[in-house]
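These notes are about the structure you will find just below.
The values are calculated or read from the model by the stated rules, or taken from the named source; none is laboratory data. Source: prediction; values computed, not measured. A quick note on method: Cβ atoms are made from the backbone with ideal geometry, for glycine too, and the neighbour counts reach across all protein chains shown. The accessibility values were calculated without ligands, DNA or RNA, using every heavy atom of the protein model including side chains. Shrake-Rupley method; radii C 1.70, N 1.55, O 1.52, S 1.80 Å.
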There are 4 protein chains.
Amino acid sequence: MSEATLSVSCPDRKGLVAALSKLLYDHGANILQSQQHVDRAESMFFERIQFDLAELDISRDQLEDLLRIECGRYEMRWRITYSDQPRRVAIFVSKIEHCFWDLLIRHRLGELPCEIALVISNHPKLEPVAKQFGVPYHVFTINAENKRAQEDAEAALLEQNGIDLIVLARYMQILSDTFIQRFPERIINIHHSFLPAFVGARPYHQAYQRGVKNIGATAHYATSQLDEGPILAQDVVACSHRDTVDDLVRKGRDVERVVLARGVRAHLEDRVLVHGRRTVVL
Amino acid sequence: MSEATLSVSCPDRKGLVAALSKLLYDHGANILQSQQHVDRAESMFFERIQFDLAELDISRDQLEDLLRIECGRYEMRWRITYSDQPRRVAIFVSKIEHCFWDLLIRHRLGELPCEIALVISNHPKLEPVAKQFGVPYHVFTINAENKRAQEDAEAALLEQNGIDLIVLARYMQILSDTFIQRFPERIINIHHSFLPAFVGARPYHQAYQRGVKNIGATAHYATSQLDEGPILAQDVVACSHRDTVDDLVRKGRDVERVVLARGVRAHLEDRVLVHGRRTVVL
Amino acid sequence: MSEATLSVSCPDRKGLVAALSKLLYDHGANILQSQQHVDRAESMFFERIQFDLAELDISRDQLEDLLRIECGRYEMRWRITYSDQPRRVAIFVSKIEHCFWDLLIRHRLGELPCEIALVISNHPKLEPVAKQFGVPYHVFTINAENKRAQEDAEAALLEQNGIDLIVLARYMQILSDTFIQRFPERIINIHHSFLPAFVGARPYHQAYQRGVKNIGATAHYATSQLDEGPILAQDVVACSHRDTVDDLVRKGRDVERVVLARGVRAHLEDRVLVHGRRTVVL
Amino acid sequence: MSEATLSVSCPDRKGLVAALSKLLYDHGANILQSQQHVDRAESMFFERIQFDLAELDISRDQLEDLLRIECGRYEMRWRITYSDQPRRVAIFVSKIEHCFWDLLIRHRLGELPCEIALVISNHPKLEPVAKQFGVPYHVFTINAENKRAQEDAEAALLEQNGIDLIVLARYMQILSDTFIQRFPERIINIHHSFLPAFVGARPYHQAYQRGVKNIGATAHYATSQLDEGPILAQDVVACSHRDTVDDLVRKGRDVERVVLARGVRAHLEDRVLVHGRRTVVL
């Protein structure tokens, strides 16, 4: 059964819910779920509408034309996706493997509605893992001299493969601004701390030094400001004086896995709308 | 600023969101928030719409007449409440005091949008607490002989005082079916276990005996089936072999407080729709 | 660096901590960590002592002889394990794979101090997964007629391979009492509910029907009483009316993985002492 | 029944557990509970021993003399407290009341083993609350000119009253270094964020701006470095785009209450040993 998901955001005003639901109703779309949010402080409106295409009485192109007109009237940012056109995802990894395994297994179990099209790595180590799951693995070794050229080659590969989403699964290489700006709101990173606590390198060591009683992980969109992008998902786990740095790393893996998967899944289900530095996850 | 909240549930069909949002829009109501849910398994539709009354171009009575007609067309169960007509709440207590204090303090801090109209107890112990907060405290001692008569007297008092909601804040007296059926979906109880684990008496003792690693609490609507009513809120807290029964009781108090308050608040904000044994908390 | 872990339990009396620490100290053992618990209600004493063997001035056999004498004086149940003699583990699986992957990957990442010696299954489906990790996979198809014979064959295989611990990683086949009694406190099962809620089959369906607001998982030792064995670990995750049974199954997988791994790890680190129906996890 | 709690920390070496347990055993003390921790990274030893005084065959003074000698041999920091000499606590408050109520009610319910001797505030607002619980309330209005003098007066009052512990229950007035240094590891503060995230003022506003998906609270010892003292307890609660700053403040109150109480209770039960910037909570 084919479904579509429409996501919109715009300055709030009267009649937005009525306008969109009427448009869909008038053309035979049955709304399956909708979530709507008004940020009163900023007077912004956000809505996600998931609807059945079975009895749609116009073509998808015609529907998109109508949406373009209607959404234009309200200065809406909007996008539409179709369940029969799954998003194509590239995973970036280095040598740390738990998040990589986790995404591959969740995909295999049907938890992530997407195609995992390819893997990019700065190291050959995890090629055998990718192979087991039948996913092409491309190594781009990065150093100070070749970084720009290699990133260009990566971007070309991503474009050739029609990649919609990049997931940095503990990818241990800072991406350049140029690269990041090519994929706005389309790169998800997992940071191994409860941001904004412990930005930068070695957050578990920092957490140990500070003696915190919980550690966490944060899935966020990558932006030019390192560790500052809009947050998709976060969670924490209890720790204590009994935990060494190694224990924190081990416990942290469980949170990282769950938080990254939650963020990626929310993105793939079109639940995420970005407004400034914040996300609305409907 | 006056607001209204409309809550509806009915068998799902096309056009429900459009119909309600159009009706409101046509009469000047500005939708502030709406939440909608479709239970696909049971093909049921649920919606909560919170809207501004400032520019409503008809009277509340006229609006309700229109809703009666429109909701009738779709076999909707519906209700509407107004923020300027706060619900009137009665708290039932016995000798255990932590939930009672908690509700009184949350109300004082503005967390519970209601009036705490009166307290009913089967024991005089907590009268001084009620007094401190200026809430009338009525003692109805219950025994096997007088139970029916006392419950009738309680019901009469509740009706005289226009009570909308009864909160059993660790009230240690089983209410008769007759009493409960007078207030359907209007009595909230807190059970000191993670239902359906440990139904019945002394759940912390049961939890200790079973050696569980978490204990919990459950806020639910009271029904004729003890501990079986629709669940509003639940939560748990970790425990271990180090916890004696007394420790479980102490830790449990924290969960009970939070869970009961969460359930009462959801009810008062008209977020709760009951369908069969389950709730939809929008 | 070789270490040993001594675990003891006995009726409480004065001088137990002193007696054991003196014995170890007198023979050159350096205590690295110790945890001790007194259950005052049952007047029972539990202790776990992890110590360095580097400067032990007697042989391991001699140490065990001394412990036998000393522990005998206090009616202690005791056991000792050595870090250079890792436990040998057998995993039992059927067709549900997430817990199986999880144990294999955690082992690969060094989280589980053991050898995964073999896999037993009632179905060939997951053989390729075992193969990837280089673990022998044995299929024993079970039906009403052959159950006793097949279980005997399984037990023989386990004994030949010197298996110390059996982990039922969502093994969908009830083990006979005879089989279970061969491995007391040496079979860990993961039940996909927050026991004692939803014992028996299809707990996520039961949870959905009851409308609970959290679902959970329980790792416990298998005993003759199904779902009644001593609990090693439990945890829960929030859910809501938005979750279908399929969503509960998906969310449940994350809890099951973490809870099973926590239980297995606690067992392998010799943190678990059983007393009646309850565990002390030091 | 009188009990004592001995807490020690020192550089790790062989025989520490044996030495202390033997000393106590030799004089008739029955160890009820003990917790011990070795920080291998820093080679530090920590122990807490709770023991029964009923059959102690020497006086408390003699016991303390023996401990002074024995602990001296190992360069131990040590302290001993007695259950029949409850600690005397002063609560500092301003106008925010939820933590204040919470401590008073928990004390009333027997959760905090101490005497609440007095309240100090920079504002008269909460005097009626203190009065209800029979606790003296002292107002010291603070401004730039009188701060030093007022703090001196406060310190004098605290000393006259034999105060062992100061709890800053959302006290909205920065204490001077001089004041803080008078009470090392004897002032507990609650910070309304998950430190080190959102240090400084208005953490809920900061959290809202950053769009985090959890908010938290931190109980820590006050030190000269604001928000940098050793952490006693922390916890978080989930939040989302649906939460306004006011909602975060409301949700935060629940975490603050629980976290502050957990920290205070751990301190009063002598579970906390400080080492550098970190705590060991046994």
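Here is how far apart the B:Gln132 label points are across copies: 0.4, 6.0, 6.1 nm, shortest first, using a point 7 Å from Cα toward Cβ. Annotation for B:Arg210 and A:Ser43: the two label points, set 7 Å from Cα along the Cα-Cβ direction, are 5.4 nm apart. Between helix A:147-160 and chain A there is an angle of about 40 degrees, using the helix long axis and the longest principal axis of the Cα atoms.
For the stretch D:3-82, the relative contact order is 46 percent, taking Cα pairs closer than 8 Å that sit 6 or more residues apart in sequence and dividing their mean separation by the residue count. Remark: the stretch C:173-190, residue by residue, has Karplus-estimated 3J(HN,Hα) of 7, 6, 7, 6, 4, 4, 4, 4, 6, 6, 10, x, 6, 10, 10, 10, 10, 10 Hz, where x stands for each Gly or Pro and the curve is 6.51 cos²θ - 1.76 cosθ + 1.60 at θ = phi - 60°. The mean number of partner chain beta-carbon atoms within 10 angstrom of a residue's beta-carbon across peptide A:10-19 is 5. By how many degrees, 0 to 90 and rounded to 10, does the Cα axis of helix B:60-73 deviate from the longest principal axis of chain B? That helix lies at roughly 90 degrees to the long axis. Largest GNM mean-square fluctuation among D:Ile91, D:Ile163, D:Ile58, using chain D with Cα springs under 10 Å: D:Ile58.
Annotation for B:Lys14, label-to-label distances across the other copies: 3.0, 8.5, 8.6 nm (shortest first, one decimal, point 7 Å from Cα along Cα→Cβ). Take the stretch A:135-282 with all the other protein chains still there, run a 1.4 Å probe, and you get 37 Å² of accessible area per residue.
Computed from backbone phi with θ = phi - 60° and the Karplus coefficients 6.51, -1.76 and 1.60, the 3J(HN,Hα) list for the stretch B:25-39 is 4, 4, 10, x, 7, 9, 6, 8, 8, 9, 10, 9, 9, 10, 8 Hz; x is used for glycine and proline. Within the stretch D:1-73, the GluC sites (Glu not before Pro) that combine a DSSP coil assignment with at most 14 other C-beta atoms in a 10 angstrom radius are D:Glu42, D:Glu55. The simple Förster model, with R0 at 60 Å and r as the Cβ-Cβ distance, assigns B:Arg242 and A:Ser2 a FRET efficiency of 0.65. Using a Gaussian network model of chain D with C-alpha springs under 10 Å, which one of D:Val129, D:Val264, D:Val255 is most mobile by mean-square fluctuation? The residue with the greatest mean-square fluctuation here is D:Val129. Using the Cα centre of the stretch C:98-163 as origin and beta-carbon charges of +1 (Lys, Arg) and -1 (Asp, Glu), tell me which of C:Asn122, C:Ile163, C:Asn143 is placed farthest towards the positive end of the dipole. Of C:Asn122, C:Ile163, C:Asn143, it is C:Asn122. For the stretch A:140-172, the set of GluC sites (Glu not before Pro) satisfying both a DSSP loop assignment and a count of at most 13 other C-beta atoms within 10 Å is given as A:Glu145. Counting only protein heavy atoms and using a 1.4 Å probe, the accessible area of C:Tyr25 comes to about 110 Å².
Counting only protein heavy atoms and using a 1.4 Å probe, what share of the accessible area of the stretch B:137-282 belongs to carbon plus sulfur, as a whole percent? Exposed carbon and sulfur together represent 51 percent of the surface. Taking the longest Cα principal axis of chain D as reference, the axis of helix D:98-108 is set at about 40 degrees. When chain A is turned onto chain D, the axis of that turn runs closest to one Cβ of chain A, and that residue with its distance in whole Å is A:Ala197, 2.
Only lysines eight or more places from A:Lys14 in sequence, or on another chain, were considered; those with a Cα closer than 26 Å are A:Lys22, B:Lys14, B:Lys22. In sequence order, the stretch B:230-245 has phi-based couplings of x, 8, 8, 7, 8, 7, 9, 9, 5, 9, 8, 4, 6, 8, 6, 4 Hz under the Karplus curve 6.51 cos²θ - 1.76 cosθ + 1.60, θ = phi - 60°, and Gly or Pro positions carry x.
Dividing the summed -39500 (n - 2.57) terms of all DSSP H runs of n ≥ 4 by the residue count of chain D sets its mean residue ellipticity at 222 nm at -10500 deg cm²/dmol.
Using +1 on the beta carbon of Lys and Arg, -1 on that of Asp and Glu, and nothing else charged, what's the dipole of the stretch D:3-82 about the Cα centre, debye to 20?
With only Lys, Arg, Asp and Glu charged at Cβ, the dipole is about 320 debye.
Dividing the C-alpha radius of gyration of the stretch B:100-204 by 2.2 N^0.38 Å, with N its residue count, gives 1.12. Considering only alpha-carbon pairs that sit under 8 angstrom and 6 or more positions apart, the relative contact order computed for chain B is 16 percent. Since only B:Thr279, B:Pro203, B:Leu103 are under comparison, the one whose Cα sits farthest along the positive direction of the charge dipole of chain B, derived from C-beta charges on Lys, Arg, Asp and Glu, is B:Pro203.
Tally the DSSP beta bridges in the protein assembly as shown and give the antiparallel ones as a percent, rounded to 5. So the antiparallel bridges amount to about 70 percent of the total. Model label points for D:Gln160 and A:Arg277, set 7 angstrom from Cα along the Cα-to-Cβ axis, are 4.8 nm apart.
Residue ranking by accessible heavy-atom surface, 1.4 Å probe, largest first, among D:Ser94, B:Ser43 comes out as B:Ser43, D:Ser94. Taking only Cα atoms and a 10 Å spring cutoff, compute GNM fluctuations for chain B and point out the largest among B:Ala117, B:Ala29, B:Ala19. Sorting by GNM fluctuation, first place goes to B:Ala19. Of all DSSP beta bridges confined to chain D, the antiparallel ones make up roughly 70%.
Can you tell me the dipole magnitude for the stretch D:87-281 around its Cα centre, using point charges on the Cβ only (Lys, Arg +1; Asp, Glu -1), in Debye to the nearest 20? Each step should come with its number before you reach the end.
Details: 25 positive and 23 negative charges, 95 e Å.
With Lys and Arg at +1 and Asp and Glu at -1, about 460 debye.
Counting only residues at least eight positions apart within a chain, or on another chain, the lysines with an alpha carbon under 25 Å from that of A:Lys125 are A:Lys95, A:Lys147, A:Lys251, C:Lys131. What FRET efficiency comes out for the pair B:Ala201/A:Leu109, r = Cβ-Cβ distance, R0 = 45 Å, nearest 0.05? Step by step, r from the Cβ atoms, then E = 0.60.
Remark: the protein assembly as shown carries a charge dipole of roughly 0 debye about the Cα centre, counting +1 on each Lys and Arg Cβ and -1 on each Asp and Glu Cβ. D:Lys14 sits with roughly 60 Å² accessible to a 1.4 Å probe, with DNA, RNA and ligands left out of the calculation. Distance distribution P(r), chain A, all Cα-Cα pairs, bin width 5 angstrom from 0: 1, 5, 11, 14, 16, 15, 13, 10, 7, 4, 2, 1, 0 percent. Taking the label point 7 Å along Cα→Cβ, A:Ile174 and its counterparts in the other copies are spaced 3.1, 6.1, 6.8 nm apart, in ascending order.
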